[in-house]
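Enquirer: Sending over a structure as structure tokens; questions will come in a sec.
The values are calculated or read from the model by the stated rules, or taken from the named source; none is laboratory data. Treat the numbers as computed from the prediction; the structure is a model and nothing was measured. For neighbour counting, all protein chains shown are included, and Cβ atoms are generated from backbone atoms with ideal geometry for every residue, glycine included. Ligands, DNA and RNA are excluded from the accessible area calculation, which covers all protein heavy atoms including side chains. Shrake-Rupley method; radii C 1.70, N 1.55, O 1.52, S 1.80 Å.
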Amino acid sequence: MLSEELRKELRTRVAHAVTNREAAVDVMKELQRHYGWLTDEAVAEAAELLGLTPLQVEELATFYEMIYRRPVGRRVIHVCDSISCWALGGESLMAHLARQLGIEPGGTTADGMFTLLPCCCLGNCGDAPTLMIGDTLYGLVTPEKADEIVGKEGTAAQ
Ligand code: FES
């Protein structure tokens, strides 16, 4: 359930967007921040706020990799698996993280802290391999650096 304050703020953002669809990602991200993932309830609320049908919101949600339609951990680690990152060790980086976290790609740690997901190019190809957690991009990620990042992010999320 959204607070009246957040609902009002989101209505204002939608009103200032050129089209309702333009505001859709912003609204879905806010609802995701609120619920932890984009629940069915959040899809219905987004549809109501945006003047779209739930199916239209669903279509938009499934298009964006950073919108989660399933429960995720408190921190989602997106490991780029596009060409530059793949060529510079992205695959072994993913394998290292999976091993360290004790989960498969796509999985969530038992304590609900981390979800590990492959993703498309994050636009940081010059510093491949790259991963992203929240809004923070990390480039030139070695396995050692990945361990540091995960440790830091885990501490921050507690
Ligand atoms: S290929 Fe990984 S950031 Fe572009």
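Enquirer: Calculated FRET efficiency, His34 and Thr155, Cβ-Cβ r, R0 22 Å, to nearest 0.05? Show your work: numbers first, answer last.
Expert: Numbers: r = 23 Å, r/R0 = 1.06.
About 0.40, to the nearest 0.05.
Enquirer: Continuing with the same structure: Per 0.36 nm of contour for each residue apart, how much would the distance between Thr53 and Ala15 grow if the chain were fully extended, relative to their Cα-Cα spacing? Walk me through the numbers before you get to the answer.
Expert: On the way: separation 38, 0.36 × 38 = 13.68 nm, distance 1.74 nm.
Result: 11.9 nm gained on full extension.
Enquirer: Okay, moving on. Per residue, how many Å² of accessible area does the stretch 75-156 show with a 1.4 Å probe? Can you show the working numbers first?
Expert: On the way: 4020 Å² over 82 residues.
The answer is 49 Å² per residue.
Enquirer: Near Lys8, which lysines are there with a Cα under 17 Å away, not counting those fewer than 8 places off in the same chain?
Expert: Lys29
Enquirer: Something else now. Please work out the average accessible area per residue across the stretch 4-63, using the 1.4 Å probe convention, and give it in Å².
Expert: On the way: 3460 Å² over 60 residues.
With the other protein chains kept in place, the stretch 4-63 gives 58 Å² per residue.
Enquirer: Rounded to the nearest 500 deg cm²/dmol, what is the calculated helix-only ellipticity per residue at 222 nm for the chain, with -39500 (n - 2.57) per DSSP H run of length n ≥ 4?
Expert: Working: 7 runs with 81 residues, N = 158.
Value at 222 nm, helices only: -16000 deg cm²/dmol.
Enquirer: Let me ask something additional. Using the Cα centre as the reference, give the magnitude of the dipole from point charges on the C-beta atoms of the chain (Lys, Arg: +1; Asp, Glu: -1; all else neutral), rounded to the nearest 20 debye.
Expert: On the way: 14 positive and 23 negative charges, 24 e Å.
The dipole magnitude comes to about 120 debye.
Enquirer: Can you pull the percent of the chain's accessible area that's carbon plus sulfur, 1.4 Å probe, other chains left in place?
Expert: Of the solvent-accessible surface of the chain, carbon and sulfur hold 56 percent.
Enquirer: Using +1 on the beta carbon of Lys and Arg, -1 on that of Asp and Glu, and nothing else charged, what's the dipole of the stretch 4-63 about the Cα centre, debye to 20? Provide the component values of the computation, followed by the final result.
Expert: Values: 7 positive and 12 negative charges, 44 e Å.
In debye, rounded to 20, the stretch 4-63 gives about 200.
Enquirer: Using a Förster distance of 30 Å, how high is the FRET efficiency between Met1 and Ala110, based on the Cβ-Cβ distance and rounded to 0.05?
Expert: Numbers: r = 28 Å, r/R0 = 0.94.
The pair Met1/Ala110 has a calculated efficiency of 0.60.
Enquirer: Every cysteine in the chain with no other Cys Cβ under 4.7 Å from its Cβ, please list them in numeric order.
Expert: Cys119, Cys120, Cys121, Cys125
Enquirer: If Lys and Arg each add +1 and Asp and Glu each add -1, what is the summed charge of the other residues whose beta carbon sits under 15 Å from the beta carbon of Ser84? Kindly include the intermediate steps, with their values, before the conclusion.
Expert: Values: positive: none; negative: Asp81, Glu91, Asp127.
Residues near Ser84 contribute -3 overall.
Enquirer: Okay, next question. Once the Cα atoms of helix 4-16 and of the chain are each reduced to a long axis, what angle between those two axes, in degrees from 0 to 90 to the nearest 10, is obtained?
Expert: Once rounded, the angle reads 90 degrees.
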